[in-house]
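Peer 1: Let me give you the structure first, and then I'll get to my questions.
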Amino acid sequence: MTFDPTAPVNRLADRFWEALLALNPSTATVYGDERYADRLEDPTEAGRAAMRSLFESTLAEAETIPEDGLTTEDHITRDMLGVICRLAIEQDDQRFDLLRVVDQINGPQTLLAQMVQFQPADTPERLDKLIARIHAYGPFMAANTALLEEGRATGLTAPRITAERTVDQLERLVAIPPEASPVVEMARVGSDADRDRVLEAVRDIVYPADAMFLEGLRAYLPASRKDPGIWSAPNGEAIYRTQILTWTTLDIDPAEVHRIGLEELIAIQDEQRAIARSAGLGDDLAAYRAMLDADPANHPATPGEMLQRAREDIDRALAVAPRYFGRLPRAGCDVKAVEAFKEKDSPFAYYYPPDLEGNRPGTYYANTYDLSSRMYSSLATTTYHEAVPGHHFQIALEMENPHLNVFRRLGARMAGGAYIEGWGLYSERLADEMGLFRDDRERYGMLSAQAWRAARLVVDSGMHALRWTRQQSIDFLLAAGLTSTDATIETDRYITWPAQALTYKLGQRQIELLRRELTARDGARFDLRTFHDEVLGHGSLPLATLARELPRWMPAPA
């Protein structure tokens, strides 16, 4: 495979990615690019217009590049630029930014605390950039407060529960003494004197900005939507369709999503019942879950014990991975706890990528909130999903791929959400094949996670299209095996991020379908290591692209 950086489509992709980073400074920081570390995104009308102009000009130029004669990868790059730009323009037309501004998980109030973990401030120049970025937080939050007012004026507002959770989070943040602020405590500075400079800027800029945003949110609350589903917003049905397409790249009817979720859940629960019967509990899944919950040995005693167990599972997975993968990532994978200020509103776990220069490993964040509800039998499958062989393998290999342009290595995730989460969920099943689960309890944890992702199809489409209530979602997830804490946090996440929850099971289904088709085609000569290398060897892809190209990348044996 050859990569020609001078090909027109690669030059266009490079220009697009460079311009996108300049308009999204925090994204640049996450990838270790320090050029824009003194600024933040521009949520104003001018900033939105600049983003739209980039998408429109990139789309127009991509459409002028002839398809004839393009290599497979160049053809994919051209298609992906078109997909990303068209969807971004459609979301701008629908003003999805007015909904995105109220978010208890990744809202603007969380940005600085996340940035300081990725942004070194250990030299005078780097420290100056961090201080400048903190000062940029004032106008940044003022612009976000203006979006709240615009949402109220247009009626395009967030659901009440999302607004309430965001208010609660801001109240916790502003109640923290400035010297104990996550931004101050986690800043990667070189000395106590440098931390004092950060403290001064946080006290003078961040706290007043957060207080202003909090005041705006309190005024916003009465205008927020009582019903959780996006259907209740102006143009809500069209917005949900766009979000389904944005997250999955599939034009699929919400009712079909709902049906698939119910069918998948029935099949998975049959597997769970087999384990319950082997434990002498018959078909009583609730009794089996109660047994897991009642066992003190199945619960970490401290956050440190939970994180250490995750590290052990990553090491065990890495030890057997060469039997299932021909290529392994160079980047390591660290394990950290979700920060205290956001753990109450965060999912059980998530992953952040390494930087391009190899100076920072990938990071698997595990949520130690409500520790008594956390179980080792659930932690194992989550670790294999988020870390090894899941997102860490998929994202690190993508970033390290020398055959892809920078846009494909870093930016293609904008169109590959279902591929990414589909691989993560596929990895949980793969972990079972790899012999990573210690016992039936951990296997049951894996099946519970599979059931949870099937249930996501049901409740996401239920709330956003079929007019389910929030409590219906919580009750359905409880019945599917989630704890009360997770059922509540997860429901509120789905409310805040319409259609994101569809990516997991729909993506997994596509990967598993391709594996079955290629196994049937190649018979005994099917090579699983090659299959995995090819699935991961071309970066994040729209599901339709993966289905079209993978059989070509794995030609039938002669």
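Peer 1: With the condition kept exactly as written, say whether any residue in region 455-471 is surrounded by fewer than 20 Cβ atoms within 10 Å (Cβ to Cβ), among the hydroxyl-bearing types (Ser, Thr, Tyr) and either assigned by TED's automatic domain parsing to the domain that holds TYR419 or over 19 Å from ILE230 (Cα atoms) (or both).
Peer 2: yes
Peer 1: If you check THR64 against the conditions, is it in contact with an Asp or Glu (Cβ under 7 Å, 6 or more places away or on another chain), over 21 Å from TRP497 (Cα atoms) and surrounded by fewer than 19 Cβ atoms within 10 Å (Cβ to Cβ)?
Peer 2: In short, no.
Peer 1: Now a separate question. If I ask for residues that are over 20 Å from TYR504 (Cβ atoms) and surrounded by 19 or more Cβ atoms within 10 Å (Cβ to Cβ), which ones from region 257-287 would you list?
Peer 2: Across region 257-287, the qualifying residues are ALA276, LEU285.
Peer 1: Would you tally the residues in region 241-262 being over 20 Å from ARG413 (Cα atoms) and either outside the structural domain of TRP452 (by TED's automatic domain parsing) or free of Cβ contacts under 8 Å to residues at least 40 places away in the same chain (or both)?
Peer 2: Here the count works out to 3.
Peer 1: For GLN450, state whether it is assigned to a helix (DSSP H, G or I) and surrounded by fewer than 21 Cβ atoms within 10 Å (Cβ to Cβ). Write out each step before concluding.
Peer 2: Working: assigned to a helix (DSSP H, G or I): yes; surrounded by fewer than 21 Cβ atoms within 10 Å (Cβ to Cβ): no.
Criteria not met by GLN450.
Peer 1: Assigned by TED's automatic domain parsing to the domain that holds VAL198, more than 24 Å from ASP227 (Cβ to Cβ), surrounded by fewer than 21 Cβ atoms within 10 Å (Cβ to Cβ) and at pLDDT 95 or above: which single residue out of PRO177, PRO108 fits that description?
Peer 2: On inspection, the qualifying residue turns out to be PRO177.
Peer 1: Against the condition modelled with pLDDT of 95 or more, in a helix (DSSP H, G or I), among the small types (Gly, Ala, Ser) and within 24 Å of the chain's Cα centre (by Cα), how does ALA310 come out, does it pass?
Peer 2: Taking the combined requirement at face value, the residue satisfies it.
Peer 1: So, restricting to helices (runs of 4 or more DSSP H) that lie completely within region 142-217, which ones have at least 2 residues that are among the β-branched types (Val, Ile, Thr) and touching an Asp or Glu at 6+ places or on another chain (Cβ under 8 Å)?
Peer 2: Answer list for region 142-217: 160-175.
Peer 1: Another question about this same structure. When residues of region 291-339 are filtered for being of a type outside the set (Phe, Trp, Tyr) and either touching a helix residue (DSSP H, G or I) at 6+ places or on another chain (Cβ under 7 Å) or under 22 Å from ALA487 (Cβ atoms) (or both), how many remain?
Peer 2: Going through region 291-339 one residue at a time, the tally reaches 25.
Peer 1: Any residue that is surrounded by fewer than 20 Cβ atoms within 10 Å (Cβ to Cβ), modelled with pLDDT of 95 or more, of a type in the set (Gly, Ala, Ser) and not assigned by TED's automatic domain parsing to the domain that holds HIS385 - is there at least one of those in region 288-306?
Peer 2: no
The values are calculated or read from the model by the stated rules, or taken from the named source; none is laboratory data. Values in this document were obtained by computation on a predicted structure and should not be read as measured data. Neighbour counts run over all protein chains shown; Cβ positions are idealised from the backbone, glycine included.
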